[in-house]
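Heads up, the thing below is written out as structure tokens.
The values are calculated or read from the model by the stated rules, or taken from the named source; none is laboratory data. As the structure is a computational prediction, the values presented were derived from the model and not from experiment. Backbone-built Cβ (ideal geometry, glycine too); neighbour counts: all protein chains shown.
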Amino acid sequence: MLEPRLVQTTFFKNVLEALSDLFIEAHFEFSRTGLELQAIDTSRVALVALVLRAEAFNHYLCDRGLSMGLNLADMAKAFRCANNDDIITIKAEEDWTDTVTFTFESPEDGEILEFDFDFVGSNGVPLEIPEYQESEYQAIVRMPSAKFMRICKKLSSFGDSGDRDPVVIISVYKERVRSFARGKTGTSTTVCLQTQTVDKPKEPTLIEMKEEVSLIFDLKYMNSFSKASTLSDQVTINLSSELPAVFECKIAELGYIRYYISPRKE
Amino acid sequence: WKTQLRMEAFYSFN
């Protein structure tokens, strides 16, 4: 029997809104230790992994592992119907066939909303994603997620040249990180320097650079990650010309969300 | 732009 319950409806709303932009379906795996979600986009250049430990839920009961593929757009639609203070219960019975029930309970309105989702896709074995080693990356940038969102917003408002998928070039050099996008009639560049000030010790921008690196990414992937990054105060970006970039935000001590994004080849 | 590298190049999938 599976029956996790949580009150962080806004949290799941944000996750699903961010993910459903890019990924059609996701593989959900509930185990005794918590929830692991994985998805890969249709062009197979971006992958997302979300881990939410059992302690993140207000109540967590899962006496045997359960894997399911679910459609993210449908889930995002259902969550849009929920109030931010609803209590969510996820339920799959022992003799579960191919559906899972999400119940949204509004204590204030005395209203209960129920959605059954059919399993989609293979529901099978999760992807084999190795634990990434920071030491393998040429540069690691840590910055407040609000700052990262601001940069993505500027780039996406400017960088749509109309005739092809907008891209962003991220370069790390001399303890600074530069984001560059080309628009219809010009270019937009944001340069962030390393900062760690006494008055804002919790909001530093830290740049660890072994060697200079410059990579091209589709802006749509960055935008999706920037939406997901609202889950955390800080984002970490691992860059290498040999490996998929890893964009990560840690969710307190309760888990993380990671995007693995393969850069374009010049 | 040249084709983006696909994740299969890095990780093994079914």
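One line per residue, one yes/no per condition, for (1) free of Cβ contacts under 8 Å to residues at least 40 places away in the same chain; (2) touching a Ser or Thr at 6+ places or on another chain (Cβ under 7 Å); (3) not β-branched (Val, Ile, Thr):
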residue: A:9; (1), (2), (3): no, no, no
residue: A:21; (1), (2), (3): no, yes, yes
residue: A:26; (1), (2), (3): no, no, yes
residue: A:33; (1), (2), (3): yes, no, no
residue: A:37; (1), (2), (3): yes, no, yes
residue: A:40; (1), (2), (3): no, no, no
residue: A:45; (1), (2), (3): no, yes, no
residue: A:53; (1), (2), (3): no, yes, yes
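Step by step: first the residues of the range A:31-73, then only those that are among the acidic types (Asp, Glu) and not in a loop (DSSP other than H, G, I, E, B), then the one that is nearest to the other protein chains (Cβ to nearest Cβ). Which residue is that? Of everything passing the filter in the range A:31-73, A:36 is nearest to the other protein chains (Cβ to nearest Cβ).
Within the range A:246-266, take every residue that is of a type in the set (A, V, I, L, M, F, W, C) and within 14 Å of the chain's Cα centre (by Cα) and give me the one that is farthest from residue A:173 (Cα to Cα).
Step one: of the range A:246-266, the residues of a type in the set (A, V, I, L, M, F, W, C) are A:246-247, A:249, A:251-252, A:254, A:257, A:261.
Checking the rest, the ones that are also within 14 Å of the chain's Cα centre (by Cα) come to A:246-247, A:249, A:251, A:257, A:261.
Values: A:246: 18, A:247: 18, A:249: 23, A:251: 29, A:257: 26, A:261: 20 Å.
Result: A:251.
Suppose we keep only residues that are part of a strand (DSSP E or B) and of a type in the set (D, E, K, R) within the range A:1-26. Which one would you say is modelled with the lowest pLDDT? That would be A:5. Per the listing A:174, A:184, A:202, the residue uniquely at pLDDT 85 or above and surrounded by fewer than 19 Cβ atoms within 10 Å (Cβ to Cβ) is A:174.
Please specify each residue of the range A:219-245 satisfying the condition of being charged (D, E, K, R) and either buried (at least 23 other Cβ atoms within 10 Å of the Cβ) or under 15 Å from the mean Cα position of the chain (by Cα) (or both).
Matches in the range A:219-245: A:220, A:227, A:233.
The residues of the range A:208-244 that are among the hydrophobic types (A, V, I, L, M, F, W, C) and either assigned to a loop (DSSP other than H, G, I, E, B) or touching a residue at least 60 places away in the same chain (Cβ under 8 Å) (or both), listed by number, are A:209, A:213, A:219, A:222, A:225, A:228, A:231, A:235, A:237, A:239, A:243.
The single condition from (1) within 20 Å of residue A:228 (Cα to Cα); (2) at pLDDT below 80 that residue A:141 fails is (2). Mind checking whether some residue in the range A:125-137 is more than 14 Å from chain B (Cβ to nearest Cβ) and either modelled with pLDDT of 90 or more or at negative phi (or both)? Looking through the range A:125-137, at least one residue is more than 14 Å from chain B (Cβ to nearest Cβ) and either modelled with pLDDT of 90 or more or at negative phi (or both).
The residue of the range A:215-266 that is nearest to residue B:4 (Cα to Cα), among those that are among the polar types (S, T, N, Q) and within 14 Å of chain B (Cβ to nearest Cβ), is A:262.
Looking at this structure, is residue A:84 away from every other protein chain (no Cβ under 14 Å) and more than 22 Å from residue A:251 (Cβ to Cβ)?
When the stated conditions are applied, residue A:84 does not pass them.
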